[in-house]
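Structure first, commentary second.
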Amino acid sequence: MNAIKAVVFDLYGTLYDVHSVRTLCDRIYRGQGELVSKMWRQKQLEYTWMRTLMDQYKDFEAATLDALRYTCGSLGLALNADIETQLCNEYLRLNPFPDVPAALLQLRAAGLKTAILSNGSRHSVRTVVGNSGLQGSFDYLISVDEIKLFKPHPKVYQLAIDIMKLDKSEILFVSSNSWDATGAKYFGYPVCWINRGGTVFDELGVSPDIVTSDVGMLAARFSQVEQ
């Protein structure tokens with residue numbers, strides 16, 4: 001922990017609750033909000049991975065819309081341009097998890113740089129962070145738009161090193177998505193997995209260095225080191 005100079009976070013599902021969209025989903029599709037939210041998120045991820053493998057980049061907002069259309073088509077739910085706009089805009093107003101604001105303050109008070117490294121577009125990342133009022137909590141907001149590839153491609157993880165001018169051993173990468181934490185670990189980062197769901201880590205040959213249930217518990221570790 002003493003070697004760490006910066007903490008780089010994934011955005012979706014780590015700092016911000018992707019399923020906060022389920023409230024609007026349920027308002028539009030009564031009784032199906034949770035199902036829509038889960039299927040939408042899963043297909044959104046699949047489309048980012050597939051597009052990277054096919055070398056056919058479309059930004060995260062396009063992947064989000066395509067995934068919504070797939071989800072509604074699969075579930076037989078009516079979808080029009082107005083509903084598309086409402087639901088996709090909700091992805092720009094995601095709620096931060098309750099532990100996040102204070103934890104970010106704590107990390108910065110411990111002298112650490114903080115950043116987001118996200119599959120989101122520049123617009124998505126800046127808008128989500130700005131809408132939550134947390135723009136002052138980060139030194140860097142880094143988007144895959146810079147290289148037009150999605151995590152877990154190694155070139156995405158390299159972005160934080162290039163932009164922050166730090167060695168990978170000095171950056172703690174933090175994600176609640178075990179596939180993302182796995183990609184970062186294979187790249188060579190020290191990794192913290194935020195196990196928000198009480199699940200098991202992916203069986204892909206590596207393990208995270210730190211496992212906590214929220215970002216507050218991670219921040220407390222750095223506070224203890226400072227003391």
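Looking only at region 189-203, residues that are without any contact (Cβ under 8 Å) to a residue 24 or more places away in the chain, surrounded by fewer than 20 Cβ atoms within 10 Å (Cβ to Cβ) and not β-branched (V, I, T) come to 5 in all. Could you tell me which residue of region 115-167 is farthest from Q56 (Cα to Cα), considering only residues that are basic (K, R) and open to solvent by 10 Å² or more (accessible area, probe 1.4 Å)? The qualifying residue farthest from Q56 (Cα to Cα) is K165. Of the residues making up region 166-197, those that are more than 16 Å from G216 (Cβ to Cβ) and assigned to a loop (DSSP other than H, G, I, E, B) number 7.
Within region 50-114, considering only helices (runs of 4 or more DSSP H) that don't extend past its boundaries, which have at least 2 residues that are open to solvent by 60 Å² or more (accessible area, probe 1.4 Å) and over 23 Å from L141 (Cβ atoms)? Because the criterion is at least 2 residues that are open to solvent by 60 Å² or more (accessible area, probe 1.4 Å) and over 23 Å from L141 (Cβ atoms), the helices (runs of 4 or more DSSP H) in region 50-114 that meet it are 60-75, 81-90. For region 194-215, residues that are modelled with pLDDT of 95 or more and closer than 14 Å to L15 by Cβ total 4. For G133, the conditions (1) at negative phi; (2) out of contact with any Asp or Glu (no Cβ under 9 Å at 6 or more places or on another chain) all hold with the exception of (1). Would you check which residues across region 18-41 are surrounded by fewer than 19 Cβ atoms within 10 Å (Cβ to Cβ) and either under 30 Å from L112 (Cα atoms) or without any contact (Cβ under 8 Å) to a residue 12 or more places away in the chain (or both) and list them? Hits for region 18-41 are H19, S20, T23, D26, R27, R30, G31, G33. For the criterion of being within 23 Å of L53 (Cβ to Cβ) and among the hydrophobic types (A, V, I, L, M, F, W, C), I142 passes. The residues listed here are K5, K38; of these, the one that is over 17 Å from the mean Cα position of the chain (by Cα) and within 22 Å of T182 (Cα to Cα) is K5.
The values are calculated or read from the model by the stated rules, or taken from the named source; none is laboratory data. Everything numeric here is computed off the predicted structure, so don't read it as measured data. Cβ atoms come from the backbone with ideal geometry, glycine included; neighbour counts cover every protein chain shown. Protein only, heavy atoms only, side chains kept; ligands, DNA and RNA dropped before computing areas. Shrake-Rupley method; radii C 1.70, N 1.55, O 1.52, S 1.80 Å.
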